[in-house]
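Novice: Dumping the structure here so I can ask a few things about it.
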Amino acid sequence: MNDQERQKSICDSKLDFTTINAVREHIVHINKVGILDFYTCPVCKCYHTYTLQGKTIISAKREHSRIKRQTTENRIKKLR
């Protein structure tokens, strides 16, 4: 994402963070390191996250396989 795409007249982001540490901890907490990055919004002066280009398909596949693995493990535990 370049600077021209980020500059808007209205801030329409759902999540905003006031410090760099807060946004970094959020990215680590949701396990999206290397998939998400952050920038400073010129409108609200807070930090927002965005998905790096080409990473949405990979993260969706990983999330789907993780959920599938969990449900399979839960079914096996119930049968035992």
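Novice: Go through the range 1-22 and count every residue that is surrounded by 11 or more Cβ atoms within 10 Å (Cβ to Cβ), at pLDDT 75 or above and not in a loop (DSSP other than H, G, I, E, B).
Specialist: Counting residues in the range 1-22 that are surrounded by 11 or more Cβ atoms within 10 Å (Cβ to Cβ), at pLDDT 75 or above and not in a loop (DSSP other than H, G, I, E, B) gives 3.
Novice: Oh, and also: Going by the structure shown, is residue 48 surrounded by 12 or more Cβ atoms within 10 Å (Cβ to Cβ), at pLDDT 75 or above and not hydrophobic (A, V, I, L, M, F, W, C)?
Specialist: Answer is yes for this residue.
Novice: Also, quick follow-up: Exactly one condition in (1) modelled with pLDDT under 75; (2) outside any helix (DSSP H, G or I); (3) exposed (fewer than 10 other Cβ atoms within 10 Å of the Cβ) is not met by residue 53; state its number.
Specialist: Here residue 53 meets the rest and fails (1).
The values are calculated or read from the model by the stated rules, or taken from the named source; none is laboratory data. Keep in mind the model is a prediction, meaning the values are calculated, not measured. Here the Cβ is made from the backbone with ideal geometry for all residues, glycine too, and neighbour counts use every protein chain on show.
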